[in-house]
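These notes are about the structure you will find just below.
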Amino acid sequence: MAQKPQSTTATAPRLGKPLKRSFFDRSVHEVAPDLIGATFLVGGVGGIIVEVEAYHHTEPAAHSFNGPTPRNQVMFGPPGFSYVYRSYGIHWCVNFVCEKAGSASAVLIRALEPTHGLAAMRRRRGLDDARALCSGPGKLCEALGISIAHSELPLDRPPIALYARTETPDIATGVRIGITKAVELPWRYGVKGSKFLSKPFASA
């Protein structure tokens with residue numbers, strides 16, 4: 001049995017049970033808040049998920065809204081796979097595909113609290129402040145070394161590893177960030193008051 005990666009911080013919480021692809025075979029609106037507090041690692045580098053957004057093909061902000069394309073095809077497949085795309089031609093963003101095949105739903109991972117492989121993250125990001133390493137979807141992909149090569153990969157096999165949270169944090173909800181359609185939907189979730197968020201919640 002493979003050993004769990006060791007934390008590079010003295011205060012990092014213990015890892016929970018590994019999450020299987022079956023975890024994602026349900027409503028994106030159940031999966032998204034349940035990911036808050038889980039640990040996401042790529043090649044042993046990563047941290048605790050503190051902010052996510054849910055997307056569903058029935059609303060126009062989702063990449064799957066207008067149907068399948070070569071880029072978003074993985075969203076229409078089975079749950080438990082990664083969907084990586086480039087935002088504004090600059091930053092990679094990573095999503096976790098949810099719900100049954102054809103539903104085309106996914107959770108965007110927006111921010112992490114770095115706990116594993118901080119030296120590698122600092123080198124990749126070119127900065128030292130732990131709070132800024134993964135405080136946004138593009139930042140965390142750069143910190144974890146995520147690129148298009150990581151798209152369409154199973155979420156329960158190397159190099160990706162996900163571990164269930166060991167306790168339920170106080171979760172804040174709000175509208176999603178950086179979109180121009182379906183802006184009223186409160187489908188953003190995060191750890192209330194976390195200093196690692198990409199942007200504070202209005203209610204936090």
Exposed-site-free run, longest, the chain (rule: GluC sites (Glu not before Pro); DSSP loop; at most 11 other C-beta within 10 Å): 1-166
Cut-off 11 Å between beta-carbons: net charge of the residues surrounding L197, Lys and Arg +1, Asp and Glu -1: +4
Given the options R86, R21, R125, state which has the largest fluctuation in a GNM of the chain using a 10 Å cut-off (strictly under) for Cα springs. R86
Kirkwood hydrodynamic radius (C-alpha pairs) into Stokes-Einstein, the range 21-191, 10 °C and 1.306 mPa s, D in µm²/s: 101 µm²/s
Summed residue charge, Cβ within 14 Å of I148's Cβ, Lys/Arg positive, Asp/Glu negative: 0
Using a/c under 1.5 as the rounded threshold, could you call the range 126-204 rounded, prolate or oblate? The axes a ≥ b ≥ c are square roots of the C-alpha gyration tensor eigenvalues, and prolate needs a/b larger than b/c, oblate otherwise. rounded
Any DSSP H helix in the chain with Cα axial reach of 27 Å or more and mean Kyte-Doolittle score of at least 1.6? Listed by number, the hits are none
Using a simple spin-label model with points 7 Å from Cα along the Cα→Cβ vector, what separation in nm is obtained for T58 and V183? 2.3 nm
Please identify, among A32, A143, A120, the residue showing maximal mean-square fluctuation in a Gaussian network model of the chain using a 10 angstrom Cα cutoff. A120
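Every number here is computed from the coordinates shown, using simple stated rules; none is lab data. Just so it is clear, the model here is predicted, and its values are computed rather than measured. Reconstructed Cβ throughout: ideal geometry from the backbone, glycine too, with neighbour counts over all protein chains shown.
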